[in-house]
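Asks: There's a structure below that I have some questions on.
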Amino acid sequence: LYIDDVAYSIPSSSVSPTVLTTAASSIALTTATLAGNITADGGALVTERGIVYSITSTNSNPIISGTGVTKDTNGTGTGVFSKSITGLASGTQYSFKAYAINSVGIGYGTVQTFTAVACTDPTIPTITATASTICEGANTTLDWGGADLNDATNWHIYTTNCGAGQIASQAGASL
């Protein structure tokens, strides 16, 4: 602003954007959906928005350019957005928050955490036969059991290893 050829600067009334971080959803072994909501632009155009995340044990309060932080952008402007994050380590806890950038600065939502689903080794069932020796053409019953059958609903019996020569398929715990 100029008055009588003298330059005056008028302070900006703009502030950093207002950001909310939404709880993680669709959490799986190596993926999760992370989301946010830019509720106000702070009086200046939001030129970038997205999610920052990190392994919690490395950085429990991720910010852009922070140690171990990944930034995943998701457009511009205000409103709700979500992003499917891939390449996560199963069984690992992550910290994340939504962010938005305008000409004044960066606004962050509150930090949230989630743990990617852990991959567990399957339980190998115990298999028993009614006959101790099974000869070609003879009949026997195979029973399998164990504390946890990995939610299996169908079993396939093969004559050799590596999946060659399937001879039977059965639902349940007996064939």
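Asks: Return the distance in nm (one decimal) between the two label points of a simple spin-label model at ALA118 and SER103, each offset 7 Å from Cα along Cα→Cβ.
Replies: 5.1
Asks: Now, a different point. Using the per-residue mean of other Cβ atoms lying within 10 Å as a proxy for protection, in what order, highest first, do the peptides 18-25, 47-54 fall? Walk me through the numbers on the way to the answer.
Replies: On the way: 18-25: 16.8, 47-54: 21.8.
Order by mean packing, descending: 47-54, 18-25.
Asks: Solvent-accessible area per residue for the range 1-92 at a 1.4 Å probe radius, Å²? Intermediate results must be reported in sequence, preceding the final value.
Replies: Numbers: 5170 Å² over 92 residues.
Ligands and nucleic acids excluded, the result is 56 Å² per residue.
Asks: Of all the accessible heavy-atom surface of the range 61-101, with the other protein chains kept in place and a 1.4 Å probe, what percent is carbon and sulfur?
Replies: Looking at the range 61-101 in its full context, I get 43 percent from C and S.
Asks: So what are the ³J(HN,Hα) numbers for the range 41-53, from phi and the Karplus equation (6.51, -1.76, 1.60; θ = phi - 60°), rounded to whole Hz, Gly and Pro as x?
Replies: 7, x, x, 9, 4, 7, 9, 7, 8, x, 10, 10, 8
Asks: So, one more: Step through the residues of the range 67-81 one at a time and calculate ³J(HN,Hα) from phi using the Karplus curve (6.51 cos²θ - 1.76 cosθ + 1.60, θ = phi - 60°), rounding each to whole Hz and writing x for Gly and Pro.
Replies: Each residue of the range 67-81 in turn: 4, x, 8, 9, 10, 10, 7, 8, x, 9, x, 8, x, 7, 8 Hz.
Asks: Determine, for each peptide in 105-116, 27-38, the mean count of other beta carbons within 10 angstrom over its residues, then list the peptides with the highest first. Display every interim value, and only then the final one.
Replies: On the way: 105-116: 17.1, 27-38: 18.9.
Put in order of decreasing packing, that is 27-38, 105-116.
The values are calculated or read from the model by the stated rules, or taken from the named source; none is laboratory data. Computed from a predicted model, the values in this text were never measured in an experiment. Methodologically, a virtual Cβ is constructed for each residue, glycine included, from the backbone with ideal geometry; neighbour enumeration extends over all protein chains shown. Note: areas computed on protein heavy atoms with side chains; ligands, DNA, RNA excluded. Shrake-Rupley method; radii C 1.70, N 1.55, O 1.52, S 1.80 Å.
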